[in-house]
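First comes the structure, then the notes that go with it.
The numbers here are math on the coordinates, done by the rules we state, and not lab data. If you're wondering where the values come from, they're calculated on a predicted model, not measured in any experiment. All Cβ positions, even for glycine, are placed from backbone atoms using ideal geometry, and neighbour counts span all protein chains on display.
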Amino acid sequence: MSETTQQVKQLQRPDSLEPFIRLARFGDMQAMLEMAKEFYDYAELDLFGLSFDRNSFADVLAHYINSPNCVVLVAEVDGQVVGSIAGVLTPWFMNLAQVNAGETWWFVRPEFRGQAGRMLLDAFEAWAAGAGARVVCVAGFAAKRFAVLERLYKRRGYKLLEAHFVKEL
């Protein structure tokens, strides 16, 4: 068992009523595809010219699950996947020797957001540290719960670096 997997396992709670954090498996794909569509609709990504294609996202999930430079973690409660966080390791473009971890998505069903969300972020940070990342980059949608995420991130030591602007062409 790798050190990163051991770090993730340390964050797990065996009680079925408590969130259980683990690495995603191919058997989780159906639940994650459903949550991806929920997230897409919730974030109103179509208003930004961004589309959702279930088959394409299934390919992305398969790649992330199989890649040593990516991670997909799920929160499970009573046998049901209720949240997911994923990320990728990338070299910093100003110093290729520095590896950073970037969160690609983080979605937890609303009724599980508090504890399960924090546990997923804990596990993601543990994975990033175990994989040698120097910096973790996370995001939050400006129009959706940004103030809540900003408070959470700042309490955890994150600093606001930049904002992204989107223009549909």
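Values for this structure:
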quantity	calculated
Rg/Rg_ref, region 37-114, where Rg_ref = 2.2 N^0.38 Å and atoms are Cα	1.27
Surrounding net charge for PHE48, when Lys and Arg each add one and Asp and Glu each subtract one, Cβ distance under 11 Å	-2
Count of Lys pairs (Cα-Cα under 26 Å; at least 8 positions apart or interchain) in the chain	7
PHE48 paired with ARG155, simple spin-label distance in nm, labels 7 Å along Cα-to-beta-carbon	2.5
Charge dipole magnitude, Cβ of K and R +1, D and E -1 - region 3-139, Cα centre, debye nearest 20	380
At R0 = 25 Å, FRET efficiency that the Cβ-Cβ distance of LEU96 and CYS137 yields, to 0.05	0.90
Scaled radius of gyration (Cα, divided by 2.2 N^0.38 Å) that region 67-169 gives	1.12
Proximal charge balance of ASN66 [Cβ under 15 Å; K/R count +1, D/E count -1]	-1
Relative contact order (%) - criterion: Cα under 8 Å, at least six apart; region: the chain	23
10 Å-binned pair-distance histogram of region 3-139 (Cα, whole percent)	12, 43, 35, 10, 1
Likely footprinting exposure, LEU120, LEU33, fewest C-beta neighbours within 10 Å first	LEU33, LEU120
Extension gain from THR104 to ASP78, taking 0.36 nm per residue of separation minus the Cα-Cα distance	6.8 nm
